[in-house]
Amino acid sequence: MTLALRVYVKIGFSKSLGSFINELVFAASGVTKGELLDGVRFIPNGAIVSSICMRLPSGTVENSEATLRFKGHPVYKRFLT
C-alpha cells in the first residue's frame, strides 16, 4: 500500500498554562489499495480517493471519501476514459 502522508507535530511550553502543549495530527490518503485505506479508484468522469485523519490528544479518527471530477480540469481531463 502506498500512502500520501503528512504528519504535523506541535510540542511547546505554555507559560500561561504552566504546562506542555502536545498536539499530533496524522493525515493520509490511499494511493494503492491496502488494509487501512482504499486506493485511488478511477470512475468514468474522475476518481474516488479515501483518506484518514487522526488527532491527539483528542483521539479523533476521521475517515473520508472524496469524489474528484476531471471534466474541464486543465490537468486531469486527460485521464477521462
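The values are calculated or read from the model by the stated rules, or taken from the named source; none is laboratory data. Given the structure is predicted, the values throughout are model-derived calculations rather than measurements. Glycine also receives a Cβ, built like all others from the backbone with ideal geometry; neighbour counts cover every protein chain displayed.
Details
- When each of 4, 66 is tested for being surrounded by 11 or more Cβ atoms within 10 Å (Cβ to Cβ) and modelled with pLDDT under 70, the lone residue that passes is 4.
- Residue check, residue 48 closer than 12 Å to residue 27 by Cβ, surrounded by 11 or more Cβ atoms within 10 Å (Cβ to Cβ) and either modelled with pLDDT of 90 or more or of a type outside the set (S, T, N, Q) (or both): no
- Reported count of residues in region 33-77, each being of a type in the set (Gly, Ala, Ser), free of Cβ contacts under 8 Å to residues at least 24 places away in the same chain and under 22 Å from residue 23 (Cα atoms), is 3.
- Single condition residue 72 does not satisfy, out of (1) in a loop (DSSP other than H, G, I, E, B); (2) modelled with pLDDT of 85 or more: (2)
- Residue within region 45-58 that is over 17 Å from the mean Cα position of the chain (by Cα) and assigned to a strand (DSSP E or B) present: yes
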